[in-house]
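Worksheet: the structure to be examined is printed underneath.
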Amino acid sequence: ELVYDSRKVTKDCMFVCIKGAAYDSHDHTEEIARAGAKVIVAERPVKVPEGVTLVLVEDSRYALSMLSAAYFDHPAQKLKVIGITGTKGKTTTTHMIRAILLAAGKKVGMIGTTGTMIGDVVTPTLNTTPESYELHQAFSQMVEAGCEYAVMEVSSQGIKMHRTDGLYFDYGIFTNISPDHIGPGEHADFEEYLYYKTRLLNMCRIGLVNKDDEHAEQIIKAADCELYTYSEKGKEADFVASDIRYVSQPDFVGTEFHISGKYDMEVRLGIPGLFNVVNALAAVSVCSFLDLDKEKISHALEHIRVNGRMEIVYTSERCTVLVDYAHNAVSMESLLSTLRDYKPKRLVCVFGCGGNRSKDRRYSMGEIGGKLADLSIITADNSRYEKVEDIIADIRGSIEKTGGSFIEIPDRREAIRYSILQAQPGDMVAVIGKGHEDYQEINGVRHHFLDREVIEETVKELGEKA
């Protein structure tokens, strides 16, 4: 067996030493050998008992990637692999591509923030881009399940940590880049972050780049593949989205737009917001190379749902209720100003903030709520080891300064119920902060809690009363 986790050593296995942030298995090779390892792969001379073979390599993470691919018999080569990188939009774009392929009758595997999905089976992953061994193991399971395609989120961290070494993508998409993941244990600076993000375009056959990104020229210059571009800002590109309309009807909230250039079609997209038009444009652009039925593509995008990302849970004459993962000021501002485009009677925002995290987030989110929502309902999020009341007090302080209207309902279930039961015709309610998370963390214990379920229960109750 091939093993890299010292807790999983088996008899006669080959063990690859990895230096992690807190633990370096190079320092524990004698224990690893005693536990049964027969071959140890390391990037520096280490002590091994007699009878154990030591293989020295320049970079053990790179070695793990190559060994994993071979150990699982190079499964990625038996799939069409589509990789998506970018600061924002990776998760939604992968879900859109998966939905389109499924609608076209293809078998698809997916790897990313929301876990590994093969068919309807979801396995949680620790990282957006899992360790190379898990990656090839997942590809191998996809091949066994009869998948033709693998769609995956590729993080810059995953590339930097050699998790994707030796992988060759059939298609690579670069959505956008803005300063993020810079700091200790992540990227040293923006230049390094950009460098690792652009590496995807040197690991693929056909690349697609968002021409509207301010770093597009640098990204295009760094690419070493057959390259195409897309744009919604009317720039000269291979795929262009235009004539964008915001649609809010009792049974549909989303956008309609036209794609022209190398592909021509009308799109009706069941997720609100301009940035989702761009995500859908990326998804359609890549799918245009796959010879799929346009009607299937249209149907998939009209009915798409991405758990916890601009997810419309309920819409009727009464109100529209959606769930989103926005849990900082930037994403909250982007979300609320997007929803303003739909001209709701009132924009209501239900939110809290996580405990044991920067207080700045509370102040800035409170300020955004006060300025952009007609009514903020402040409630609990993952309070962790803090008192909900203390977190709410911090948010209240900054909302009060804006003069915005708000109420406090500490119990998240009650807050969501109130937002729907008190809704006025034409209201739009955004329940934000937790998105797809199915728990609430209180004093170190995770309790089952999913915003969508509470919304659905409340709507059912309304129906019974009506």
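A few points about this structure:
- Each residue, residue 53 and residue 384, gets one label point 7 Å from its Cα in the Cβ direction; the gap between the two is 4.6 nm.
- Contour minus Cα-Cα distance for residue 445 and residue 236 (0.36 nm per residue): 70.0 nm
- Applying 1/(1 + (r/R0)^6) with r as the Cβ-Cβ distance of residue 44 and residue 295 and R0 = 56 angstrom yields a FRET efficiency of 0.45.
- In nm, spacing of pseudo-spin labels at residue 217 and residue 424 (7 Å Cα→C-beta vector): 5.0
- Cross-link table 294/343; 296/460; 106/233; 387/434, entries beyond 22 Å C-alpha to C-alpha: 294/343; 296/460; 106/233
- About the centre of its Cα atoms, the chain shows a dipole size close to 280 debye [charges on the beta carbon of Lys, Arg (+1) and Asp, Glu (-1) only; nearest 20 debye].
- Amide hydrogen neighbours beyond the local backbone of residue 187, cut-off 5 Å, H modeled: 182
- Residue-normalised accessible area of segment 235-370, given per residue in Å² at a 1.4 Å probe: 40
- Surface composition of the chain: carbon and sulfur atoms hold 48% of the protein heavy-atom accessible area at a 1.4 Å probe.
- Within straight-line reach of residue 371, meaning a Cα separation under 15 Å, sit the following aspartates and glutamates at least 8 residues removed in sequence or on another chain: 333, 400.
- Options (i) 24; (ii) 12; (iii) 18 - which one matches percent of Cα pairs over 44 Å apart as calculated here: (iii)
- For residue 262 and residue 19, the FRET efficiency from 1/(1 + (r/R0)^6), where r spans their Cβ atoms and R0 equals 35 Å, is about 0.20.
- Centre-to-centre, using Cα atoms only, segment 1-23 and segment 298-352 are separated by 44 Å.
- Spin-label pair residue 462-residue 113: with each label point 7 Å from Cα along the Cα-Cβ axis, the two points sit 2.7 nm from one another.
- Protection proxy ranking of 412-420, 2-10 - average other beta-carbon atoms within 10 Å, highest first: 412-420, 2-10
- Stretching the chain fully between residue 328 and residue 303 yields a gain of 6.2 nm (0.36 nm per residue, less the alpha carbon separation).
- When each of the peptides 207-219, 392-404 is scored by how many other beta carbons lie within 10 Å of its residues on average, the order from highest to lowest is 207-219, 392-404.
- Cα-Cα over 28 Å, subset of 160/221; 47/197; 11/90; 90/235; 90/211; 160/235: 47/197; 11/90; 160/235
- Computing FRET efficiency as 1/(1 + (r/R0)^6) for residue 8 and residue 205, where r is the C-beta to C-beta distance and R0 is 41 Å, gives about 0.75.
- Summarising the strand pairing of the chain, around 35 percent of its internal DSSP beta bridges are antiparallel.
- With a cut-off of 13 Å on the backbone N, the residues of segment 183-206 near the modelled label site 7 Å out from residue 127 along Cα-Cβ are 185-187.
- Looking at segment 1-139, the accessible area is 47 square angstrom per residue; that uses a 1.4 Å probe and ignores ligands, DNA and RNA.
The values are calculated or read from the model by the stated rules, or taken from the named source; none is laboratory data. These numbers come from a predicted model, not from an experiment. Positions of Cβ are backbone-derived with ideal geometry, glycine not excepted, and every protein chain shown enters the neighbour counts. Accessible surface is based on the protein model in full, side chains and every heavy atom, while ligands, DNA and RNA are left aside. Shrake-Rupley method; radii C 1.70, N 1.55, O 1.52, S 1.80 Å.
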